[in-house]
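**Student:** Quick one: the structure is below, questions incoming.
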Amino acid sequence: MILISFFLVANSVKAQTWEEWFRQNRTQKKYLLQQIEALKIYFNYAVKGYNIANNGITTIRNIKNGDFNLHRDFLSALSQVNPQIKKYGKLADIIALQLQIVKQTKRSLREIQATKQFTQAEMQYCRHVLNNLLDECVKNIDELLMTITPNQLEVKDEERIKRLIDYI
């Protein structure tokens, strides 16, 4: 009975084998080599995982940079003025008319003052009206120049043309 119990327990117990007991040095080397092989496999998995993650990050970076460059190029194109718009024939006429208005307004103010037919309040009102006209002319000229000067506005060519037509 004791002998049978011993064999049953000995069968289920994991102890050192004969080779492990008498050839420990060789057995230890065998186990270490198995561990090294397992670590090589894990290392290869880690390298593959790193490469997958790195490729994914590189792809995301390329997509992000491509989108950024696309937007930058689009906005840069909006800043540039089409040469056809710069050469718009009526542009010089518009600016010349605005300058004539400025000269005529100054001349009119001097002539009104020279007549001495108006009261101080009426002269003040005339100066106010003519100064507003001058301010608007200067604004128009500034806006026209801004419309045809590169890097001043970020608008499409259609919007630039519309702005020019509004002054005609």
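**Student:** Return a yes/no flag: does region 67-75 have any residue that is aliphatic (A, V, I, L, M) and touching a helix residue (DSSP H, G or I) at 6+ places or on another chain (Cβ under 9 Å). Give the steps one after another, and end with the answer.
**Tutor:** Quick first cut of region 67-75, residues aliphatic (A, V, I, L, M) only: 70, 75.
Imposing the further condition that a residue be touching a helix residue (DSSP H, G or I) at 6+ places or on another chain (Cβ under 9 Å) reduces the set to none.
Taking every residue of region 67-75 in turn, none turns out to be aliphatic (A, V, I, L, M) and touching a helix residue (DSSP H, G or I) at 6+ places or on another chain (Cβ under 9 Å).
**Student:** Which one of these is in contact (Cβ under 8 Å) with a residue 12 or more places away in the chain, in a helix (DSSP H, G or I) and under 28 Å from the mean Cα position of the chain (by Cα): 75, 109, 70, 99?
**Tutor:** One residue alone meets the criteria, 75.
**Student:** Quick check on region 118-126. Is at least one of its residues assigned to a loop (DSSP other than H, G, I, E, B), modelled with pLDDT under 80 and not small (Gly, Ala, Ser)?
**Tutor:** Within region 118-126, none of the residues are assigned to a loop (DSSP other than H, G, I, E, B), modelled with pLDDT under 80 and not small (Gly, Ala, Ser).
**Student:** Also: Are any of the residues in region 40-55 of a type in the set (S, T, N, Q), modelled with pLDDT under 85, surrounded by 10 or more Cβ atoms within 10 Å (Cβ to Cβ) and not assigned by TED's automatic domain parsing to the domain that holds residue 162?
**Tutor:** No: region 40-55 contains no residue that is of a type in the set (S, T, N, Q), modelled with pLDDT under 85, surrounded by 10 or more Cβ atoms within 10 Å (Cβ to Cβ) and not assigned by TED's automatic domain parsing to the domain that holds residue 162.
**Student:** I want to confirm something. Restricting to region 80-115 and keeping residues that are of a type in the set (Ser, Thr, Tyr) and modelled with pLDDT of 75 or more, which single residue is surrounded by the most Cβ atoms within 10 Å (Cβ to Cβ)?
**Tutor:** Filtering first and then ranking leaves 105.
**Student:** Consider residue 94 carefully, then state whether it is out of contact with any Leu (no Cβ under 6 Å at 6 or more places or on another chain) and not assigned by TED's automatic domain parsing to the domain that holds residue 152. Explain how you work it out, then say what you get.
**Tutor:** Values: out of contact with any Leu (no Cβ under 6 Å at 6 or more places or on another chain): yes; not assigned by TED's automatic domain parsing to the domain that holds residue 152: no.
No: the conditions fail for residue 94.
**Student:** Any chance you could count how many residues in region 86-140 are charged (D, E, K, R) and in contact with a Ser or Thr (Cβ under 7 Å, 6 or more places away or on another chain)?
**Tutor:** Of the residues in region 86-140, 0 are charged (D, E, K, R) and in contact with a Ser or Thr (Cβ under 7 Å, 6 or more places away or on another chain).
**Student:** Being among the charged types (D, E, K, R) and without any contact (Cβ under 8 Å) to a residue 24 or more places away in the chain narrows it down to one of 127, 160, so name that one.
**Tutor:** Residue meeting the stated conditions: 127.
**Student:** Moving to a separate point now. Only one of these conditions is not met by residue 26: (1) out of contact with any Lys or Arg (no Cβ under 8 Å at 6 or more places or on another chain); (2) of a type outside the set (S, T, N, Q); (3) at pLDDT below 75. Which number is it?
**Tutor:** (3)
The values are calculated or read from the model by the stated rules, or taken from the named source; none is laboratory data. Quantities reported herein were computed from a predicted structural model and do not represent experimental measurements. Positions of Cβ are generated from backbone atoms using ideal geometry, with glycine treated the same way; all protein chains shown enter the neighbour counts.
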